[in-house]
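**Q** I'd like to ask some things about the structure below.
The values are calculated or read from the model by the stated rules, or taken from the named source; none is laboratory data. From a predicted model like this one, the values you see are computed outputs, not experimental measurements. Using ideal geometry, Cβ is built from the backbone for each residue, glycine included, and neighbour counts are taken over all protein chains shown.
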Amino acid sequence: MFELYDIQGPIASIPDPTAVTIGVFDGVHRGHRELLKGVNLVVTLTAHPSFVLGRRQNEYWLDDPEEHLRLLFEAGVKYVAVLPFTREVASLTACEMARLLYEKLNMRSLLLGYDSRFGSKQNDDFDRLPLLADELGFSLQRGEPFLVDGNPISSSRIRESLLQGTVEETATLLGRPYSITGAVLHGRGVGHTIGFATANIDLSQTRKMLPKEGVYAVRIGHQIGMANFGPVPTFGVSKSLFEVHLLDFHGDLYGETVTVEFIRRLRDIVRFGTVEALQFQLQQDLKTCREL
């Protein structure tokens, strides 16, 4: 049922007594990391329960699978147990799940988020967890909310900031810039002709939520750049593209896999009446990026 990992990779079993927390931990944001300080094993789900149970139509994540594991270990946990979340797993009651954690993962302490619940809602026995803890001999604790600007950090709050394009707020809530990883593909080649060569980033392999369309200041490694995420109406392109121009960069990125960090949203995408007007605006965008 559980796929077990330590920082070196897959393992067969958990040898130590464990302090456990369980959840999706989408994005491993600052609130998650504060909670994870109190455990040495995190049980993370492979799917959002609301998506599996049909309460959400789309499943957009704040991290990719490999990134998710890396972030959990960077948060300081010793072990990660990945739980494939299916309708069968969703049917388990809270006490049935806690008993599995006790028997399979050597759990001796269960730490819950400040507002977290788990287990079947149809057969809800979540409130009986303290009785089970006494029966089996594990401790049961609940964490405190981690506040920013007086409100708890949550994955839904981060998604809302991405929908608004406020990627600076996203970075504050995550504790790091929001990023997208993809391979650099051959694009249309138009950028070269107007003095702004771009790397066309393939988004087809990411499961991550995309920010609001617009022009952004971004970073790839130590290189600052500006990105157009969305259509290119001046050239009649209605398809959403992710094109990045790196400042003072003269190398070749074709075929490379790069991670693009979003720094600030600069403006909306607009259709310019002439190529010269677009070039002028791009020069202004470039100046703003250099000032960051």
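**Q** Please indicate, with yes or no, whether at least one residue in the range 210-228 is modelled with pLDDT of 90 or more, closer than 30 Å to LEU112 by Cβ and either in a loop (DSSP other than H, G, I, E, B) or touching a Pro at 6+ places or on another chain (Cβ under 8 Å) (or both).
**A** No: zero hits.
**Q** Quick check on the range 96-150: of everything there that is among the acidic types (Asp, Glu) and surrounded by 14 or more Cβ atoms within 10 Å (Cβ to Cβ), which residue is farthest from the chain's Cα centre (by Cα)?
**A** Looking at the filtered set, the residue picked out is ASP125.
Yes/no matrix, rows are residues, columns are (1) under 30 Å from GLU59 (Cα atoms); (2) among the hydrophobic types (A, V, I, L, M, F, W, C); (3) free of Cβ contacts under 8 Å to residues at least 24 places away in the same chain; (4) surrounded by fewer than 13 Cβ atoms within 10 Å (Cβ to Cβ):
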| residue | (1), (2), (3), (4) |
| --- | --- |
| MET209 | yes, yes, no, no |
| TYR216 | yes, no, no, no |
| GLY225 | yes, no, no, no |
| VAL237 | yes, yes, no, no |
| LEU241 | yes, yes, no, no |
| ILE263 | yes, yes, no, no |
| LEU278 | no, yes, no, no |
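**Q** Can you confirm whether ILE153 is touching a His at 6+ places or on another chain (Cβ under 6 Å) and surrounded by 18 or more Cβ atoms within 10 Å (Cβ to Cβ)?
**A** yes
**Q** Still on this structure: Looking at GLU276, GLU243, which is the one that is in the same structural domain as ALA183 (by TED's automatic domain parsing), of a type in the set (Asp, Glu) and not in a strand (DSSP E or B)?
**A** Exactly one of GLU276, GLU243 is in the same structural domain as ALA183 (by TED's automatic domain parsing), of a type in the set (Asp, Glu) and not in a strand (DSSP E or B), namely GLU276.
**Q** Right, ALA98: farther than 30 Å from PRO177 by Cα, among the aliphatic types (A, V, I, L, M), out of contact with any strand residue (DSSP E or B) (no Cβ under 9 Å at 6 or more places or on another chain) and assigned by TED's automatic domain parsing to the domain that holds HIS48 or not?
**A** no
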